[in-house]
1. Does any residue of region 33-42 turn out to be more than 14 Å from the chain's Cα centre (by Cα) and at pLDDT 90 or above?
2. Output the residue which, of all residues in region 1-16 that are small (Gly, Ala, Ser) and within 13 Å of Lys48 (Cα to Cα), is surrounded by the most Cβ atoms within 10 Å (Cβ to Cβ).
3. Under 9 Å between Cβ atoms, at least 6 apart or on separate chains: pull out the pairs that start in region 1-30 with a residue that is more than 17 Å from Phe77 (Cα to Cα) and end on any residue that is among the basic types (Lys, Arg).
4. Has region 57-72 got at least one residue that is free of Cβ contacts under 8 Å to residues at least 24 places away in the same chain and surrounded by 14 or more Cβ atoms within 10 Å (Cβ to Cβ)?
5. Among the candidates Ile42, Ile52, single out the residue that is touching a residue at least 24 places away in the same chain (Cβ under 8 Å), of a type outside the set (S, T, N, Q) and not in a helix (DSSP H, G or I).
6. If we scan region 82-91, do we find a residue that is free of Cβ contacts under 8 Å to residues at least 60 places away in the same chain, surrounded by 15 or more Cβ atoms within 10 Å (Cβ to Cβ) and among the β-branched types (Val, Ile, Thr)?
7. Quick check on region 43-60: of everything there that is among the small types (Gly, Ala, Ser) and within 13 Å of Phe77 (Cα to Cα), which residue is nearest to the chain's Cα centre (by Cα)?
Amino acid sequence: MEDKIKMVLAASRMWSFRKENPYASDEEILKYISDYVYSLDIRDEKTKIGMIAAASKALALSKKNRYMTEKQMLRDFMRELPAISESISEKE
C-alpha cells in the first residue's frame, strides 16, 4: 500500500512540475522526477522504479488527454496503478 501512495505522489509531482514548466521536454520532466525520487532516501529499489514508472505513465496520460483536468487524469491514473505495480513485480 505504501508503494502505491508513493507512486501517486510521484505522479502528482510530475503534474505539478509540468504545470509550472509547460515547455519542459519529457526528458526534463523525467529527470526532475528521478532526482526527486532519489532525494527521498528510499532504500527499496522496487519502490524507486515504481515511482518513476508511475510518473512516466502519468506523463503519457497527460499528453494523450491534454484537456482533462488533473482530477480526471488522477482518476484515469488510479485505474492504471494496479497494472503498473504488477509489471514492476514481474520484473523481479
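The values are calculated or read from the model by the stated rules, or taken from the named source; none is laboratory data. Model, not experiment: these values are computed from the prediction. When we count neighbours, we look across all protein chains shown, and the Cβ atoms used for this are built from the backbone with ideal geometry, even at glycine.
1. Taking region 33-42 and keeping what is more than 14 Å from the chain's Cα centre (by Cα), we get 39-42.
Of the ones still in play, those that are also at pLDDT 90 or above are 39-40.
Scanning region 33-42 turns up at least one residue that is more than 14 Å from the chain's Cα centre (by Cα) and at pLDDT 90 or above.
2. Here is the first cut: in region 1-16, the residues small (Gly, Ala, Ser) are 10-12, 16.
Okay, now just the ones that are also within 13 Å of Lys48 (Cα to Cα), so 10-11.
Numbers: Ala10: 25, Ala11: 29.
That would be Ala11.
3. The qualifying pairs are Ala24/Arg18; Asp26/Lys63; Ile29/Arg18.
4. Scanning region 57-72, I find at least one residue that is free of Cβ contacts under 8 Å to residues at least 24 places away in the same chain and surrounded by 14 or more Cβ atoms within 10 Å (Cβ to Cβ), so the answer is yes.
5. Numbers: Ile52 fails: not in a helix (DSSP H, G or I).
So the residue among Ile42, Ile52 that is touching a residue at least 24 places away in the same chain (Cβ under 8 Å), of a type outside the set (S, T, N, Q) and not in a helix (DSSP H, G or I) is Ile42.
6. Initially, region 82-91 is screened for residues free of Cβ contacts under 8 Å to residues at least 60 places away in the same chain, giving 82-83, 86-91.
Checking which are surrounded by 15 or more Cβ atoms within 10 Å (Cβ to Cβ) leaves us with 88.
With among the β-branched types (Val, Ile, Thr) added as a condition, the list becomes 88.
Looking for residues that are free of Cβ contacts under 8 Å to residues at least 60 places away in the same chain, surrounded by 15 or more Cβ atoms within 10 Å (Cβ to Cβ) and among the β-branched types (Val, Ile, Thr), one finds at least one in region 82-91, hence yes.
7. Applying the first criterion (among the small types (Gly, Ala, Ser)) to region 43-60 yields 50, 53-56, 58, 60.
Next, only the ones that are within 13 Å of Phe77 (Cα to Cα) stay: 53-56, 58, 60.
Working: Ala53: 6, Ala54: 3, Ala55: 2, Ser56: 5, Ala58: 5, Ala60: 10 Å.
Top of the filtered list is Ala55.
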